[in-house]
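I have placed the structure first, in the form of structure tokens, so that the comments after it can refer back to it.
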Amino acid sequence: MSKESVEVKEPSFQVDRLYTRVTQLDDGRSISIYQSEVGDVGCVVWDAAIVLAKFYEHIISYGSRQAKTSDQSVNSADVKAIQAVELLYEKIQSNRAIQAIELGSGTGYVGIIAAALGAQVTVTDLPEFVELMKHNVRKNNALILERNGRCDVSALVWGTQAKMKTDLILLSDCIYYEQALTPLVNSMVDLSKPDTIILCCHEERTTDNKPALQKQFFKEVAEHFSIVSVPVHLQHPTFSSEDIHINILLPKLEEVGHP
Ligand SMILES: C[S@@+](CC[C@H](N)C(=O)[O-])C[C@H]1O[C@@H](n2cnc3c(N)ncnc32)[C@H](O)[C@@H]1O
């Protein structure tokens, strides 16, 4: 993770200005995430994070009710998505200690839920969010340990050299900043090996420069990764929305994986 010198702003965290968001996992357990009344956009849990975390949960319990690509009812346009979801499911099932990194994690929400389901996660964000993420990991650590998960916290500024590779990258609502677009894609490439899977969720925004940013992001992503859109009917049956998109990104082999 980044050891380079970066400007550290005030921590996005004041212990007396936090409020809690409690969400239920599908297995009945509760996750408590502390959000900050003051600070930048990463201080709260965004809707895309809820949709992505619920999709991850849905995948874990996918086995018995997964749609089969051979089913008559399956639309041919869905076949790629089902294959990508099956790939992800197999990866999680065959590797209970799957290594994951969440980029731009903010409160740590998505990564903490993946860890509470057994993944070995590092949640990352700008240095000023490290204390908030650590607070949330501490508050949920008992839940994480129940499933032999692990959640580390680290600063990772997009575009700074990451020395490690990971099995899974989690990304929610990070297509937001013009200057950080290419650095974000560079970090995704840096952290990827040929079999890395990236789960990228974003809320579609139609104001200001956001449509152009989203278009540019996926144009840059497409240079390195195949993009498979996950239709709403393959997402969590309750926590999904037409304007929140999940894409599974799979490395184009020649582009990544060089040590
Ligand atoms: C809209 S928030 C989303 C937070 C969280 N993923 C969620 O969905 O709840 C975008 C996040 O990206 C982080 N971020 C922005 N620029 C960054 C950069 N250059 N390097 C690392 N993180 C960055 C912000 O600090 C913030 O936490």
Unmet criterion (only one of (1) within 16 Å of the ligand (Cβ to nearest atom); (2) surrounded by fewer than 24 Cβ atoms within 10 Å (Cβ to Cβ); (3) under 17 Å from residue 27 (Cβ atoms)) for residue 145
(1)
Scope the range 35-63; condition more than 13 Å from the ligand (Cβ to nearest atom) and over 19 Å from residue 81 (Cβ atoms); matching residues:
37, 38
Somewhere in the range 159-178, is a residue more than 15 Å from the ligand (Cβ to nearest atom), of a type in the set (Asp, Glu) and in contact with an Asp or Glu (Cβ under 8 Å, 6 or more places away or on another chain)?
yes
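On the given criteria, is residue 162 in contact with a helix residue (DSSP H, G or I) (Cβ under 6 Å, 6 or more places away or on another chain), modelled with pLDDT under 90 and either surrounded by fewer than 23 Cβ atoms within 10 Å (Cβ to Cβ) or farther than 23 Å from residue 22 by Cα (or both)?
On the way: in contact with a helix residue (DSSP H, G or I) (Cβ under 6 Å, 6 or more places away or on another chain): yes; modelled with pLDDT under 90: yes; either surrounded by fewer than 23 Cβ atoms within 10 Å (Cβ to Cβ) or farther than 23 Å from residue 22 by Cα (or both): yes.
Yes: the conditions hold for residue 162.
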Residue selected from the range 13-43 under the condition modelled with pLDDT of 90 or more and β-branched (Val, Ile, Thr), by the criterion nearest to residue 237 (Cα to Cα):
23
A careful count of residues in the range 87-125 that are farther than 17 Å from residue 150 by Cβ and at pLDDT 95 or above gives 5
Scope the range 94-114; condition in a loop (DSSP other than H, G, I, E, B) and either more than 13 Å from the ligand (Cβ to nearest atom) or at positive phi (or both); matching residues
95, 96, 97, 98, 104, 106, 108
Of the conditions (1) surrounded by fewer than 12 Cβ atoms within 10 Å (Cβ to Cβ); (2) assigned to a helix (DSSP H, G or I), the single one that residue 214 does not satisfy is (1)
Would you pick out the residues in the range 185-208 that are of a type in the set (Asp, Glu) and away from the ligand (no atom under 11 Å from the Cβ)?
190, 195, 204, 208
Tell me yes or no: at least one residue of the range 222-237 is at pLDDT 95 or above, surrounded by 19 or more Cβ atoms within 10 Å (Cβ to Cβ) and more than 21 Å from residue 87 (Cα to Cα).
no
Could you please find all residues in the range 115-126 being near the ligand (Cβ under 9 Å from one of its atoms) and either part of a helix (DSSP H, G or I) or not aliphatic (A, V, I, L, M) (or both)?
124, 125
Quick check on residue 104: is it within 11 Å of the chain's Cα centre (by Cα) and small (Gly, Ala, Ser)?
yes
Residue in the range 180-193 that is surrounded by fewer than 16 Cβ atoms within 10 Å (Cβ to Cβ) and touching a strand residue (DSSP E or B) at 6+ places or on another chain (Cβ under 6 Å) present:
no
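Free of Cβ contacts under 8 Å to residues at least 24 places away in the same chain, more than 9 Å from the ligand (Cβ to nearest atom) and closer than 28 Å to residue 219 by Cβ, is that true of residue 182? Outline the logic, then answer.
Details: free of Cβ contacts under 8 Å to residues at least 24 places away in the same chain: no; more than 9 Å from the ligand (Cβ to nearest atom): yes; closer than 28 Å to residue 219 by Cβ: yes.
No: the conditions fail for residue 182.
The values are calculated or read from the model by the stated rules, or taken from the named source; none is laboratory data. Given the structure is predicted, the values throughout are model-derived calculations rather than measurements. Note: ideal-geometry Cβ built from the backbone for every residue, glycine included; neighbour counts use all protein chains shown.
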